[in-house]
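S.K.: So that we are looking at the same thing, I have put the structure below in structure tokens.
The values are calculated or read from the model by the stated rules, or taken from the named source; none is laboratory data. All of these numbers come straight from a predicted model, not from anything done at the bench. Here Cβ is always computed from backbone atoms with ideal geometry, including for glycine, and neighbour counts include all displayed protein chains.
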Amino acid sequence: MAKPGKSNQRCGRHHSWHTAVVTLTYAVLAVAAFLPVGPLDDSRIVSHLPSDTMAVGWFLAWPAYALAHAHNVLFTNWLDHPTGVNLSVNQSMPLLGVVMAPVTLVFGPFATINLTLRLAFVASALAMYFVLRRFCVRDLSAFLGGLLYGFSPFIVAHSAVNQDFTFAPLPPLILLALYGLAHDDDRKVLTTGLLLGLGIAAQLYLNPEMAMDTLVVAGFTVLICGTAAARRIGRARVVRFCRGCGIAAGTAFVLSAPFLWYYLAGPQHLHGSVVAPSILAVFHTDLAGLVTPGRNQLLASTSVNATGNEFMAGMTNEIGTYLGVPLLVGLVWFVVRHWRKAVVSVSAVTFLVALVLSLGPRLSFDNHVLPIPLPDRALDLLPLFDRLESVRYFLFVDLAAAVILAVGIDLVLCEWQPRAFIARHMRIDHARLVGGLVVAVVLLFPLIPRWPYPSEPTDVPSYFTSSSVDRITTGATVLTYPYAEPDNVSAEIWQLAAGLRFRLVGGYAYVSNNGGQPFGNPPIHPGTVVSLLRTAYVDYLVRPPADTATYRAIRAGLREARIDDFVMAMRGAHPGLVRAEMTAALGRRPVATGGVLVWYDVPGDLAAFRASPR
């Protein structure tokens, strides 16, 4: 698989201690990105979009609880009770949740969130590093390629929010396996095919959208490269490649069958696009974004930075398409100079394929949509593909750029002949090392991220971390104020802090029967109680009439949702009104404990009202 020739083997060796140094460097950078929050901190989280961070964090914590209590890892009614949530169609990452279960059980769910955010950087960078060692003579070259991929603007942007698009060690390995099928002999086809199928299945259990993105980019790359080299490819190689892909497909199908069933046909599976097409249309690469830094980059003037922040409707976690002029020029130079190297030409095709797909259905420049249709427009007409965000193909632009950069730097380190003046004052190998580092710094310097990420405390009332919460029966159904929904996940944080002791009405997840909304909560009928909780928190309150009809409607909603206990914190605009209305509706005052108010045994109150209406 494109091993270095004898002429280059003398310029460098792979050493085990290199890997240790590289791993430590990646880890230090990942930890520095989130300071002062530590990797196992159980009290603070990234605060750019805490709702998204906590939603993914809840999904990561669920497998630990599910395995310990013999629950389903792919479906739960501990959230959005009673209908439940199909975790396969959400950002659940069940495989990572299972792997991190020991951390969750020992250090807590918030430590898992913080640790996986850092592991995402390290695992992604290391995976690319090991892939590039197959093509590079110098470990330094592989390190730089891993640095560009694992700490790319795409991954840096998404790390401000969640892990589902930052934990990306498998795409480089999947593409390496495909590259291997095109070059291996017959003895390796079975092994490579099995490993490829295992990688695809594992990626499905990590992030199905990333798995589909990987297969789409790989499919177009294989089609283009195969067509271009059709005259040089013998029938035997085509048959061997197809046989390996067949083995991979069969392996992936068998291993991912449970996930696929839940995704396509299981309870609460989604139909059509998860998010409205009008919303998805916003998230595409703008050509100007390739050379216009946004708020995620440290080195940019205020005016330029403001321009970059306008892409993707200002969603910082999606503004990860910046490469910079120096890197783009360097990539073009390396491709032109080393086009005859298979890994360079294939990576260049992958770069262009991923870039074109990330542009969306129509070409955009500087937030102006041009009347030029692109291939993604046709993909949006296909089932399942209409769920993909175009801009997320850009991960593979960074992947291909990392390969081209690493191979290009490697050739500088091994083949560059310094001028006579330099050679007289410095050994050639030292001159090459300095020259390679200078080139790398010039190309990558503009990508320096704006770190550290802001953080905020989880702000959990002491009730949920003390023995007081044991008064709530295990598995009880709890309604909360603030109400659990996408704009406010405080209740999910409380639930995690309590060790998932109770089921929660509401939450932040994609569900199929929530009144036509792409995500949120299945409606409670009548909606009086939920309307009270929502409007009291955000201060666009229309006060309900304080009469028996209102209280009867509140009790009907509590009965319909089968609420066992109601827990509220004195937060938001009008918490006093919620306390007064619930006290009147249930006929008694709450218990004040650990920073919250609790109405225990709500069914008992409802039964008393039925027996003797007041």
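S.K.: Filter the stretch 45-70 down to the residues that are touching an Asp or Glu at 6+ places or on another chain (Cβ under 8 Å) and part of a helix (DSSP H, G or I), then identify the one that is nearest to PRO454 (Cα to Cα).
M.R.: The extreme case among them is PRO50.
S.K.: Name the one entry in ALA230, ALA202, ALA211 that is assigned by TED's automatic domain parsing to the domain that holds ARG392, among the aliphatic types (A, V, I, L, M) and outside any helix (DSSP H, G or I). Don't jump to the end; show me each part of the working.
M.R.: On the way: ALA202 fails: outside any helix (DSSP H, G or I); ALA211 fails: outside any helix (DSSP H, G or I).
Just one listed residue meets the conditions, ALA230.
S.K.: Another question about this same structure. Looking at ALA177, ALA168, ALA182, which is the one that is within 22 Å of the chain's Cα centre (by Cα) and assigned by TED's automatic domain parsing to the domain that holds PHE283? Write out each step before concluding.
M.R.: Numbers: ALA177 fails: within 22 Å of the chain's Cα centre (by Cα); ALA182 fails: within 22 Å of the chain's Cα centre (by Cα).
Answer to the selection: ALA168.
S.K.: Now, a different point. Determine which member of the set LEU260, LEU223, LEU264 is of a type in the set (A, V, I, L, M, F, W, C), loosely packed, with under 14 Cβ neighbours inside 10 Å and under 17 Å from ASN90 (Cα atoms). Give the derivation first.
M.R.: Working: LEU260 fails: loosely packed, with under 14 Cβ neighbours inside 10 Å; LEU223 fails: under 17 Å from ASN90 (Cα atoms).
Going through LEU260, LEU223, LEU264 in turn, the sole match is LEU264.
S.K.: Sticking with this one: Would you confirm, using the coordinates I've provided, whether THR316 is β-branched (Val, Ile, Thr), crowded, with 24+ Cβ neighbours inside 10 Å and farther than 18 Å from LEU147 by Cβ? Before the answer, list the steps.
M.R.: On the way: β-branched (Val, Ile, Thr): yes; crowded, with 24+ Cβ neighbours inside 10 Å: no; farther than 18 Å from LEU147 by Cβ: yes.
Here the answer is no, as THR316 does not meet what is asked.
S.K.: Give just the number: which of (1) within 21 Å of LYS341 (Cα to Cα); (2) assigned to a loop (DSSP other than H, G, I, E, B) does LEU223 not satisfy?
M.R.: It fails just one condition, (2).
S.K.: Restrict the check to the stretch 536-556 and report whether at least one residue is aliphatic (A, V, I, L, M), at pLDDT below 95, in contact with a Pro (Cβ under 9 Å, 6 or more places away or on another chain) and outside any helix (DSSP H, G or I).
M.R.: For the stretch 536-556, residues aliphatic (A, V, I, L, M), at pLDDT below 95, in contact with a Pro (Cβ under 9 Å, 6 or more places away or on another chain) and outside any helix (DSSP H, G or I): absent.
S.K.: Right, something else. If you take the residues of the stretch 65-114 that are among the small types (Gly, Ala, Ser) and surrounded by 23 or more Cβ atoms within 10 Å (Cβ to Cβ), which of them is modelled with the highest pLDDT?
M.R.: In the first step, residues of the stretch 65-114 are kept if they are among the small types (Gly, Ala, Ser); the result is 66, 68, 70, 84, 88, 92, 97, 101, 108, 111.
Narrowing further to those that are surrounded by 23 or more Cβ atoms within 10 Å (Cβ to Cβ): 88, 92, 97.
Values: SER88: 93, SER92: 89, GLY97: 96.
Checking each candidate, the answer is GLY97.
S.K.: Let me ask something else. Can you tell me which of ALA218, ALA228, ALA211, ALA201 is farther than 30 Å from LEU95 by Cβ and either more than 28 Å from the chain's Cα centre (by Cα) or modelled with pLDDT of 95 or more (or both)? Don't jump to the end; show me each part of the working.
M.R.: Working: ALA218 fails: farther than 30 Å from LEU95 by Cβ; ALA211 fails: farther than 30 Å from LEU95 by Cβ; ALA201 fails: farther than 30 Å from LEU95 by Cβ.
The match here is ALA228.
S.K.: Restricting the stretch 446-470 to residues that are among the polar types (S, T, N, Q) and either in contact with a helix residue (DSSP H, G or I) (Cβ under 7 Å, 6 or more places away or on another chain) or crowded, with 16+ Cβ neighbours inside 10 Å (or both), which is farthest from VAL291 (Cα to Cα)?
M.R.: Initially, the stretch 446-470 is screened for residues among the polar types (S, T, N, Q), giving 455, 458, 462, 465-468.
Filter again for either in contact with a helix residue (DSSP H, G or I) (Cβ under 7 Å, 6 or more places away or on another chain) or crowded, with 16+ Cβ neighbours inside 10 Å (or both), leaving 455, 458, 465, 468.
Numbers: SER455: 29, THR458: 37, THR465: 48, SER468: 55 Å.
The residue in question is SER468.
S.K.: I'd like the full set of residues that are among the small types (Gly, Ala, Ser) and part of a helix (DSSP H, G or I), limited to the stretch 110-157.
M.R.: From the stretch 110-157, those among the small types (Gly, Ala, Ser) are 111, 120, 123-125, 127, 141-142, 145-146, 150, 152, 157; that's our starting set.
Residues satisfying the conditions are ALA111, ALA120, ALA123, SER124, ALA125, ALA127, SER141, ALA142, GLY145, GLY146, GLY150, ALA157.
S.K.: Right, here's the next one. How many of the residues in the stretch 450-464 are of a type in the set (Ser, Thr, Tyr) and modelled with pLDDT under 95? Give the derivation first.
M.R.: Narrowing the stretch 450-464 to residues of a type in the set (Ser, Thr, Tyr): 453, 455, 458, 462-463.
Next cut, modelled with pLDDT under 95 only: 453, 455, 458.
Summing the residues that are of a type in the set (Ser, Thr, Tyr) and modelled with pLDDT under 95 in the stretch 450-464 gives 3.
S.K.: While we're here: Given the criteria within 21 Å of MET582 (Cβ to Cβ), at pLDDT 90 or above and in a loop (DSSP other than H, G, I, E, B), does THR473 qualify?
M.R.: Numbers: within 21 Å of MET582 (Cβ to Cβ): yes; at pLDDT 90 or above: yes; in a loop (DSSP other than H, G, I, E, B): yes.
Yes: the conditions hold for THR473.
S.K.: Restricting attention to the stretch 561-581, which residues are outside any loop (DSSP other than H, G, I, E, B), surrounded by 14 or more Cβ atoms within 10 Å (Cβ to Cβ) and without any contact (Cβ under 8 Å) to a residue 60 or more places away in the chain?
M.R.: Start the filter on the stretch 561-581 by keeping residues that are outside any loop (DSSP other than H, G, I, E, B), which leaves 565-568, 575-581.
Still in the running and surrounded by 14 or more Cβ atoms within 10 Å (Cβ to Cβ): 565-568, 575, 577-579, 581.
Within the stretch 561-581, LEU577, ARG579, GLU581 qualify.
S.K.: For TYR393, which of the numbered conditions (1) more than 23 Å from PRO171 (Cβ to Cβ); (2) of a type in the set (Phe, Trp, Tyr); (3) buried (at least 24 other Cβ atoms within 10 Å of the Cβ) fails to hold?
M.R.: If we test TYR393 against (1) more than 23 Å from PRO171 (Cβ to Cβ); (2) of a type in the set (Phe, Trp, Tyr); (3) buried (at least 24 other Cβ atoms within 10 Å of the Cβ), just (1) comes out false.
S.K.: State yes or no: is VAL460 more than 30 Å from THR321 (Cα to Cα), touching a residue at least 60 places away in the same chain (Cβ under 8 Å) and either hydrophobic (A, V, I, L, M, F, W, C) or not assigned by TED's automatic domain parsing to the domain that holds THR321 (or both)? Don't jump to the end; show me each part of the working.
M.R.: Working: more than 30 Å from THR321 (Cα to Cα): yes; touching a residue at least 60 places away in the same chain (Cβ under 8 Å): no; either hydrophobic (A, V, I, L, M, F, W, C) or not assigned by TED's automatic domain parsing to the domain that holds THR321 (or both): yes.
Spelling it out, it is not the case that VAL460 is more than 30 Å from THR321 (Cα to Cα), touching a residue at least 60 places away in the same chain (Cβ under 8 Å) and either hydrophobic (A, V, I, L, M, F, W, C) or not assigned by TED's automatic domain parsing to the domain that holds THR321 (or both).
S.K.: Can ALA402 be described as part of a helix (DSSP H, G or I), buried (at least 24 other Cβ atoms within 10 Å of the Cβ) and in the same structural domain as PHE167 (by TED's automatic domain parsing)?
M.R.: Working: part of a helix (DSSP H, G or I): yes; buried (at least 24 other Cβ atoms within 10 Å of the Cβ): yes; in the same structural domain as PHE167 (by TED's automatic domain parsing): yes.
So ALA402 passes the test.
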